[in-house]
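The structure under discussion appears below in the form of structure tokens.
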Amino acid sequence: MNYIKEILNDKRVQFTFTVEGAEWENAVEKAYQSTKGKYQIGGFRKGKVPRKMLESMYGPGLFYEDAINDLISDFYTKALIENKDVEPVDRPDVDVPEVSATKCVITATVVVKPDVILGAYEGLTLDKIDYPVKAADVDAELKLAQDKGSRLVPVEREAKLGDTLNLDYSGSVDGVKFAGGTAEGQTLELGSGTFIPGFEDQLVGAKAGDEVEVKVTFPENYHASELAGKEAIFACKVHEVQEKQVPELNDEFAKDVSEYDTLDEYKASIKKDLKDKNSARAKNEMQRNLIDKIVDDAIIDIPECMIDQQVEDAIRDMEYRLMYQYQGMRLEDYLGYTGMTMDALRADMRPQAEKDVKTRLTLEAIIKAENLEVSDEEVDAKLSEMADRIGKPLDEYKKNIPAQQLEYIKSDVLYTKLVDLLMSKNKFAKAKSSK
């Protein structure tokens, strides 16, 4: 087998393979031997019909297609091994411009990874991001802790906003009860906005034992179309009014909800946790802004097939999330609920897919330019962190890691190494306040 490699004008690469003489004859004979069991002709047992007879009956090229299919896989793989600079991003387009009893010419044309013209990726100055912790932030966290430690206590008075009612209700439209409009022992916090607009307001002032008639109108865009825009009457029976009792903010509260003995110590720990979270948030945003800037300045002519593939990957990821995060929802169901077609979904995903592909290609180009690699020691350090989290020795943990997951971990370590390098090569200055 001989072949030539040609770089086409549209950045595709074409391999032209020429097979002739004994090599081509052997390939056709091999195809005959592997497929002859399909043929049965009178006077011959199945699979015993001579090749010459089959070719005379069905044509001399009877086994060419199978021979070509066998050859192209081996030839194409060998060509890629011998041409490391060719990085396909799609399946090859195979053609057979010439075939005869003595010779076969096969072309495999493939779209390759595009060239990346990097802009500046070092010496840049971007705005520094800072999220200071304010007293109100600490107070908000304290309030969350208070709410978590609160309890509901029955009260003998009229209900007010913020109270919780235990009630029965039965709804009807034009005197006819409707599905989902009746419940017993329902818990409802007044002012929560859980029920139809106007429902909760009409229960303010009710006491335990009261029967209240609530009149509401369903919103025009209500999910149950048969009720949309309709006026409904709910007959409500209030069993109990409960008031939320919030614990007092003092040292005893701090001891109950934390490892600290005083409220001041607890507040200091909240402030430190918020500072750590805000610092991580600011760092992540600065990293993202830096990468976006570097990617925007890169010039890449991205093949459409790469964007198409990224869209399909995003759709598969969406299917997975719908299935496991939304009680088995299918993509078809989601499209039905939203009124979106598959073509519209693909079009909607395309801009982000193009950005994702450009980002990946740009970062790969920087990794290559900087000769970044990941050592076994660096991978082991990452694996050691993961093993420590589940309390396993490193050696035992490594034995159970699938090869595919190990490659993902290596990529993650390499990405972290790249981001750290980019952050060290660029500056973040305090943003000027606007006047």
If you average the C-alpha positions of segment 319-381 and of segment 123-156 separately, how far apart do those two centres end up, in angstrom?
32 Å
Taking the Cα atoms of segment 151-245 alone, what are Rg (to one decimal) and Dmax (as a whole number) in Å?
13.4, 41
Non-local amide H neighbours of residue 126 (under 5 Å, H modeled in plane, Pro and chain starts lacking H): which ones?
427, 428, 429
How big is the charge dipole of the chain about its Cα centre, in debye rounded to the nearest 20, if each Lys and Arg gets +1 on its Cβ and each Asp and Glu gets -1 on its Cβ?
1100 debye
Taking all pairs of distinct Cα atoms, average 1/r, flip it, and tell me the Kirkwood hydrodynamic radius of the chain in Å to one decimal place.
30.5 Å
Over segment 151-245, what is the mean sequence separation of C-alpha contacts under 8 Å (at least six apart), divided by residue count, expressed as relative contact order in percent?
41 percent
Cα coordinate range in segment 2-112, projected on the principal axes (Å, largest first):
55, 22, 21
Lys/Arg +1, Asp/Glu -1 at C-beta; segment 1-151 dipole; positive extreme among 43, 67, 133
43
As an exercise, identify the GluC sites (Glu not before Pro) in segment 182-241 lying in DSSP coil whose Cβ has no more than 10 other Cβ atoms within 10 Å.
220, 226
Do me a favour and compute the ellipsoid semi-axes for segment 285-381 from its Cα gyration tensor, root of five times each eigenvalue, largest one first, whole Å.
32, 19, 12
Residues of segment 256-271 with amide N under 16 Å of a point placed 7 Å along Cα→Cβ from residue 278
267-271
Placing each pseudo-label 7 Å from Cα in the direction of the beta carbon, residue 213 and residue 430 end up separated by a distance in nanometres of 6.7 nm
Cα-Cα longer than 21 Å, checked against 215/237; 382/417; 134/275; 215/244, kept in input order, equals 215/244
How many angstrom lie between the C-alpha centres of segment 390-435 and segment 299-316?
24 Å
Estimated distance in nm for a label pair at residue 390 and residue 259, the labels positioned 7 Å out from Cα along Cα-to-Cβ:
2.5 nm
Quote the relative contact order of segment 2-112 in percent (integer), defining contacts as alpha-carbon pairs under 8 Å separated by 6+ residues.
35 percent
Under 1.5 on a/c is rounded, so check that first for segment 263-430, then, if it is not, pick prolate when a/b is larger than b/c and oblate when it is not; a ≥ b ≥ c are the square roots of the alpha carbon gyration tensor eigenvalues.
rounded
Checking the table 277/398; 148/272; 267/430 against a 24 Å threshold on Cα-Cα, which pairs fail?
277/398; 267/430
For segment 257-299, take every pair of Cα atoms, bin their distances at 10 Å starting from 0, and report each bin as a whole percent.
26, 27, 19, 15, 10, 3
If I model a spin label as a point 7 Å beyond the Cα along the Cα-Cβ vector, how far apart are those points for residue 201 and residue 226 in nm?
2.9 nm
Which loop chymotrypsin sites (Phe, Trp or Tyr not before Pro) in segment 33-65, with loop taken from DSSP, have no more than 15 other Cβ atoms within 10 angstrom of their Cβ?
44
Along the charge dipole of the chain, pointing to its positive end and built from +1/-1 on Cβ of Lys, Arg, Asp and Glu, which listed residue (192, 268, 17) has its Cα farthest out?
17
Sequence-separation-based contact order of the chain, relative, with Cα cut under 8 Å and 6+ spacing, percent:
16 percent
Taking the number of other C-beta atoms within 10 Å as the exposure measure, put 323, 286 in order starting with the fewest.
323, 286
Can you give the charge dipole size of segment 264-412 about its Cα centre, rounded to the nearest 20 debye, using +1 on the beta carbon of Lys and Arg and -1 on the beta carbon of Asp and Glu?
640 debye
Give the cross-link partners of residue 160 among the aspartates and glutamates, using a straight C-alpha distance below 13 Å as the criterion and excluding same-chain residues fewer than 8 apart.
189, 200, 201, 240, 243
Most fluctuating residue given options 297, 66, 127, as computed from a GNM of the chain linking Cα atoms under 10 Å
66
With point charges of +1 on the Cβ of Lys and Arg and -1 on the Cβ of Asp and Glu, referenced to the Cα centre of the chain, which listed residue (28, 338, 258) lies farthest in the positive direction of the dipole?
28
Calculate for the chain the 222 nm mean residue ellipticity that helices alone would give, adding -39,500 (n - 2.57) per DSSP H run of length 4 or more and normalising by residue count, nearest 500 deg cm²/dmol.
-15500 deg cm²/dmol
Mind checking which helices in the chain clear 24 Å along their axis (Cα) and have mean Kyte-Doolittle hydropathy of -0.5 or more, DSSP H runs only?
64-82, 342-369, 403-425
Can you compute the charge dipole magnitude of segment 1-152 about its Cα centre, using +1 on each Lys and Arg Cβ and -1 on each Asp and Glu Cβ, nothing else charged? Give it in debye, rounded to the nearest 20.
1040 debye
Loop-only GluC sites (Glu not before Pro) in segment 241-321, please: DSSP not H, G, I, E or B, and at most 12 other Cβ atoms within 10 Å.
248, 259
Working out 0.36 nm times the residue gap between residue 45 and residue 127, then minus their Cα-Cα distance, what length gain in nm do you get to one decimal?
21.4 nm
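Taken together, the values in this text are just the output of simple stated rules run on the coordinates, not laboratory data. Worth saying up front: this structure is predicted, and the values here are computed from it rather than measured. Here the Cβ is made from the backbone with ideal geometry for all residues, glycine too, and neighbour counts use every protein chain on show.
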